[in-house]
Amino acid sequence: MKTRRYVIFAVLVALGLAILVAPTYFRKPLTPSGPVGRGIAETLAAVRAGDWDRASAQAARLESEWKRVKVPIAINSDATAIREFEAQLATLRAAIELRDRAAAVTALALMTTLVEDLGTY
């Protein structure tokens with residue numbers, strides 16, 4: 001009976017430690033060198049080159065990467081910054097569709113700043 005109590009205590013201690021360590025172990029930085037940041041850079045390169053088809057494909061890839069990390073980011077980050085990133089993503093899609101280089105570059109620059117501000121997820 002005493003052994004069973006020690007086993008339960010040990011399991012609870014291990015579970016408690018796992019819960020305490022998990023958020024820092026699984027947290028990843030959202031940086032310009034990460035998947036979202038690389039997507040921004042690749043889209044920017046395509047826009048600057050005037051390759052609108054490639055820019056459109058890169059923007060679609062960027063949007064899918066953003067959707068993949070959005071929920072974990074939302075847990076730790078400011079909702080205003082998340083909404084602003086999504087607004088800039090919509091601006092980027094429209095600018096690419098209209099082939100407006102200045103608007104696309106501006107949206108991508110703001111998205112880069114927002115990625116740096118959002119930090120980790």
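With the helix formula -39500 (n - 2.57) applied to DSSP H stretches of n ≥ 4, the chain reaches a computed 222 nm mean residue ellipticity of -29500 deg cm²/dmol.
Pairwise inverse Cα distances across the chain, averaged and inverted, put the Kirkwood hydrodynamic radius at 16.1 Å.
Only the coordinates and a few stated rules stand behind these numbers; no lab work does. This is a predicted model, so every value here is computed, not measured.
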